[in-house]
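Only one structure is covered here, and it is reproduced in the block below.
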Amino acid sequence: MRRVLIVDDHEILRRGLKEIFAEAFPKMEAGEAANSREAFQMALTQDWDIILLEISIPGHGGLVVLEEIKRLRPHIPVLVLTAYSEEEFAIRSFKLGASGFLNKSQTSVEVVAAAKKVMSGGKYVTSSLAESLASSLGSDVRHAPHEELSSRELQVLQMIAKGKAIKEIAAELALSDKTVGTYRNRISKKMGLTTNVALTRYALKHGLVD
């Protein structure tokens with residue numbers, strides 16, 4: 001019996017993944033979570049053979065969820081399956097403990113192959129990402145400014161880029177206005193960008209918002 005937790009805010013996509021995995025694993029039990037609160041609750045109170053995780057989910061966001069799951073339940077493999085690009089999010093996801101990273105443009109065959117690989121204890125990297133990693137070895141690679149941000153800071157940057165005000169961000173993340181303001185100041189200092197317009201342009205240019 002395989003137990004799969006699907007974390008995504010799109011009900012149609014969750015249903016599609018359940019069908020794909022039911023075909024690949026006839027004896028399968030699937031759980032669903034549409035936001036970070038549900039993801040935390042299900043991931044931390046039940047055992048899963050694999051968690052399929054979208055980065056862009058309501059609440060604390062997928063990267064924060066990933067970081068917390070791997071801190072508290074490190075034995076559960078997490079396969080990031082997202083609309084975001086490998087170039088901007090794969091390395092960060094692996095650093096936080098993900099066992100694999102796939103863009104949603106991949107085929108169902110590749111998704112199943114990735115799931116089998118990580119459930120067997122391996123790491124799954126696409127050929128394009130492997131080539132990118134290989135090309136960077138031994139070279140003087142300059143990291144983009146947003147790569148210096150923590151998971152929470154990146155999440156706040158994404159929310160600012162989506163046009164949300166400090167009070168809106170604070171309410172959604174269950175934080176104080178002051179705390180969000182502190183994150184905002186750290187982001188500006190690390191990235192050298194002082195205005196919301198500049199931060200938004202940067203986020204759009206680098207594909208940090210969908």
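The values are calculated or read from the model by the stated rules, or taken from the named source; none is laboratory data. Note that the structure is predicted; figures quoted are calculated from it, not measured. Glycine also receives a Cβ, built like all others from the backbone with ideal geometry; neighbour counts cover every protein chain displayed.
Here are the numbers:
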| read-out | value |
| --- | --- |
| Unmet criterion (only one of (1) in a loop (DSSP other than H, G, I, E, B); (2) at negative phi; (3) in contact with a Phe, Trp or Tyr (Cβ under 9 Å, 6 or more places away or on another chain)) for Gly207 | (2) |
| Out of Gly61, Gly16, sole residue that is modelled with pLDDT of 95 or more and closer than 23 Å to Phe89 by Cβ | Gly16 |
| Complete set of residues in the range 45-56 that are surrounded by 15 or more Cβ atoms within 10 Å (Cβ to Cβ) and out of contact with any helix residue (DSSP H, G or I) (no Cβ under 7 Å at 6 or more places or on another chain) | Trp48 |
| Filtered residue count, the range 194-203, keeping only those that are more than 16 Å from His143 (Cα to Cα) and within 24 Å of the chain's Cα centre (by Cα) | 5 |
| Selection count, the range 4-44, where residues are polar (S, T, N, Q) and surrounded by fewer than 19 Cβ atoms within 10 Å (Cβ to Cβ) | 2 |
| Within the range 163-210, tally of residues that are of a type in the set (Phe, Trp, Tyr) and under 21 Å from Ile91 (Cβ atoms) | 1 |
| Matching residues, the range 82-102, being closer than 22 Å to Leu13 by Cα and in contact (Cβ under 8 Å) with a residue 60 or more places away in the chain | Ala83, Tyr84, Ser85 |
| Any chance Ser139 is at pLDDT below 95 and under 20 Å from Leu81 (Cα atoms) | no |
